1. Mind sorting ASP11, ASP192, ASP176, ASP187 by how few other Cβ atoms lie within 10 Å of their own Cβ, fewest first?
2. Mind checking the angle between helix 111-120 and the chain's longest principal axis? C-alpha axes, 0 to 90 degrees, to the nearest 10.
3. Counting other beta carbons within 10 Å of each Cβ, put HIS144, HIS18 in order, fewest first.
4. What shape does the range 20-100 take by its C-alpha gyration tensor, where a ≥ b ≥ c are the square roots of the eigenvalues and a/c under 1.5 counts as rounded, a/b above b/c as prolate, and the rest as oblate?
5. Quick one: check the C-alpha center-to-center distance for the range 8-86 versus the range 91-114, whole angstrom.
6. Suppose we keep just the DSSP beta bridges with both residues in the chain; what percent of those would be antiparallel, to 5?
7. Take every Cα pair under 8 Å in the range 20-100 that's 6+ residues apart, average their separations, divide by the length, and report that relative contact order as a whole percent.
8. Can you give me the orientation-averaged projected area of the convex hull built on the Cα atoms of the chain, in nm²?
Amino acid sequence: MPLRAVLWDFDDTLVPVHTLERWQWAWKPQGPRLNERHVRAALREGLRRWDRRRWEGLVGELPAADASAYHEALREILFAIAGRSLPEAESEAVLARFPRFPGPLEPYADVHPCLEWMRSQGVRMGVLVGPTSPRATELLGQMHLSELLPVVLGEGPDDPHTPAPAAYKAACVRLDTVPSETAFVGDLFWSDTRAAGRAGLHGILLDRNDWWSRVESVRVRTLSELPEAWARPSVDAGDAHIPPEGPAGPA
């Protein structure tokens, strides 16, 4: 069955969120300059842990990951960047600043061309956000993406949030499609690609940082590769996995 629609993750898929610049501003706006290699390693491990935490909430191993769980995940990332635990007052001040980054927020350079291509193909599109993206609609407007992504789900107080199956299914209803005809593009393996497959969608993993090189699923490094992948949605996201000899998943 051909794909008719695509749902997009927001953070770090359409818009860079976890960046060296943002963490620099949130923690050390006056310097010294943070070590780029160290920060990138901390982000890699921290976001992989967050990915796994969301998955564990989805499958019932832990309570569902909510805004409080994300706050704790950010705290762990901050401590990893700092190389030590920080006093509560300092860490809370940093985490309060983090979402208020004043720098220009722009989508990745490959976003507009890919969305324009999708629209030219008649593909229906929407974006799924969660408690970690409270200003998504506003930001989409500022970045001139609202026309291309008219359906935003997850900002309403009663909206279900990914990776819950109800979120994907509600978004499909809004797009007037069905899961088997819909793809979900996200930057995390377990709680994006695999969770979407669990809900019956085709998961496409956008692995900009090459964190998931051993994942056996539809995987692209940039959105410029997506048109080709779109033509061959042959790997069911529900069957996507990491080979046994590779990493078992996020640490």
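Every read-out reported here was derived from the displayed coordinates using simple, explicitly stated rules and does not represent laboratory data. Computed from a predicted structure; not experimentally measured. Glycine also receives a Cβ, built like all others from the backbone with ideal geometry; neighbour counts cover every protein chain displayed.
1. Ordered by Cβ neighbours within 10 Å, fewest first: ASP176, ASP11, ASP187, ASP192.
2. 10
3. With the fewest neighbours first, HIS144, HIS18 line up as HIS144, HIS18.
4. prolate
5. 13
6. 5
7. Relative contact order here is 34 percent.
8. Its average projected convex-hull area is 13.4 nm².
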